[in-house]
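Have a look at this one before I ask anything.
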Amino acid sequence: MSGPLFRDEQEPPAPSPQPGSEPAHESARGDAGTTPREHPAVPSAPQKKRAGRDLRAAIGVGLGLGAIIVVSLFVQKVLFVGVITVAVVVGLWELTSRLAERKEIRAPLVPLAVGGAAMVVSGYLRGAQGAWIAMALTALAVLLWRMTEPPDNYLRDVTAGVFAAFYVPFLATFVALMLAADDDGPQRVLTFLILTVVSDTGAYAVGWKFGRHKLAPRISPGKTREGLLGAVAFAMVAGALCMHFLIEDGAWWQGLILGLAVAVSATLGDLGESMIKRDLGIKDMGTLLPGHGGIMDRLDSLLPTAPVAWLLLVMFVGAG
């Protein structure tokens, strides 16, 4: 058997002896009651640390997604709006499917998908005001759509539907708001993506190598405080570089603040989805992306980070 998946998880306890059985040293006694000569303990071979996923598949899928993002982002902005919309709709499908399977919560997918797409497009074309209006109309559509079914668990289902509308498409709309900046919209989105990925990478690398102290053991046993420090350090360095080289009128010290905020929000977002998955009793939201899980398993740190990055960029260099 292999060792624990994460450094901070416990090894499984040794099986207890069955009732009526003798310990090995007792059964090995001779007639005179003497015990056999004890042999020195042989040290076991050190266990290799293992990642929890197929790294080759994860890297391949990650590179493919990165290529799609970069090409759509810098070839034509509208193409990237389409990428955001597809990710939102698939994410909503995964979330509502898991809610129905594990909790029998029937959040209506059709109004969520249509309203989610409308939020992203409205945010890109009409800014924050358009996104808020689309969000309000989507919530109303969820309430009305669910009224076509029996009233049992109505409040539970519409509450889950409004939560899903806010959690997935509304937060994703802030990516469209960054993209809409006339001067450097694609660069803002690229900065946001780079910092989030670097934060996750720093947390994984440092936590895997040096992690000793659990960050939130009841939520995500694999996360450590050392990993969080790694996320902050990596993201702050990347933030300083991105603000200096990618963002017009950006300053390196602004990148330090941006990197710190992204590392914290990305970690909280990851923990938030871990809470949802623990409540549902699942490991991944889906299986669409080999080595990664589902779309929602890749959006967990991106979604709550998008409004943070958008707000700080607006504060530092304006709306563009």
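The values are calculated or read from the model by the stated rules, or taken from the named source; none is laboratory data. On a predicted model such as this, the values are computed, not experimentally measured, just so you know. Every residue, glycine among them, receives a Cβ derived from its backbone with ideal geometry; neighbour counts consider all protein chains shown. Surface areas here come from the heavy atoms of the whole protein model, side chains and all, with no ligands, DNA or RNA. Shrake-Rupley method; radii C 1.70, N 1.55, O 1.52, S 1.80 Å.
Select from the range 173-227 the residues that are touching an Asp or Glu at 6+ places or on another chain (Cβ under 8 Å) and part of a loop (DSSP other than H, G, I, E, B) and write down the one among them that is surrounded by the most Cβ atoms within 10 Å (Cβ to Cβ).
So, considering only residues that are touching an Asp or Glu at 6+ places or on another chain (Cβ under 8 Å) and part of a loop (DSSP other than H, G, I, E, B), the one surrounded by the most Cβ atoms within 10 Å (Cβ to Cβ) is G211.
Does the range 287-320 hold any residues that are outside any helix (DSSP H, G or I) and of a type in the set (G, A, S), and which are they?
G291, G293, G294, S301, G318, A319, G320
Same structure, new question: Quick check on A117: is it within 24 Å of I295 (Cβ to Cβ), in a helix (DSSP H, G or I) and open to solvent by less than 20 Å² (accessible area, probe 1.4 Å)?
In short, no.
Can you name the residue in the range 285-320 that is under 22 Å from A131 (Cα atoms) and of a type in the set (S, T, Y) and, of all such residues, is surrounded by the most Cβ atoms within 10 Å (Cβ to Cβ)?
Only one residue fits best here, namely T305.
Return the residue satisfying two criteria in turn: it lies in the range 228-251 and is of a type outside the set (V, I, T) and open to solvent by 60 Å² or more (accessible area, probe 1.4 Å), and of such residues it is nearest to W208 (Cα to Cα).
L229
Something else now. Among (1) over 26 Å from T85 (Cβ atoms); (2) in a helix (DSSP H, G or I); (3) of a type in the set (D, E, K, R), where does E273 come up short?
Among (1) over 26 Å from T85 (Cβ atoms); (2) in a helix (DSSP H, G or I); (3) of a type in the set (D, E, K, R), the lone unmet condition for E273 is (1).
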